[in-house]
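What follows is a set of notes on a single structure, which appears directly below.
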Amino acid sequence: MPIIQNTDKSFLGRGWSFPPVFLKASKELVMTVEEEDIRMSLEILLATEIGERFLQPLYGCNLDRFVFEAMDATTSTELRMTVKRAIDLFEPRIRLFAVKLDTALLTEGRVDIAIEYTIITTNTRHNLVYPFYMNEAHNKTA
């Protein structure tokens, strides 16, 4: 009896691309699906300040509070725990394995946040490297 493999992963989710993009010809919204939707959700979570979303005031990560901080052991631990806490609270589709900081580019003001995770329903490992700029604030627009 042959083993039938279901390659449909639509249960992983589907969401708007961010920033929203529309196709010119059909005027349709570009959507992200499956693993890409989870990756994009993680990036949005890390880039969002707590209180920024008025319908979900606790959603976000508050990484901006680490801008201009010295990257010592305390700051490093706080930064990793802040990311871990946000992911544990707001991304139930994954199991988080590790949050690591790569400070190789610290002299240029950048810390790479490496996130290792497994998508629970497919049991596949993934990673995301999120560049965080320690020495520059970013301009947010409404």
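Observations on the model:
- Here region 64-87 and region 37-58 have alpha carbon centers that stand 17 Å from each other.
- In this structure the amide hydrogen of Met134, modeled in the peptide plane, comes within under 5 Å of the amide hydrogens of Arg110, Val111, none closer than 5 places in sequence on its chain.
- The slack in the chain from Asp88 to Asn62, taken as 0.36 nm per residue of separation less the alpha-carbon distance, amounts to 7.9 nm.
- Packing rank of 115-122, 97-104, 36-43, where each peptide gets the mean count of other beta carbons within 10 Å, highest leading: 36-43, 115-122, 97-104
- Interchain or long-range residues, amide H under 5 Å from Ile94's placed H: Ile120
- Prolate/oblate/rounded label for region 13-133 (Cα gyration tensor, a/c 1.5): prolate
- 3J(HN,Hα) along region 77-86: 5, 4, 5, 4, 5, 5, 5, 4, 4, 4 Hz, from the Karplus curve 6.51 cos²θ - 1.76 cosθ + 1.60 with θ = phi - 60°, whole Hz, x for Gly and Pro.
Bear in mind that the values in this text are calculations on the coordinates, not laboratory data. Remember, it's a predicted structure, so these values are computed and weren't measured experimentally. Neighbour counts are summed over all protein chains in view; Cβ atoms, including those assigned to glycine, are modelled from backbone coordinates with ideal geometry.
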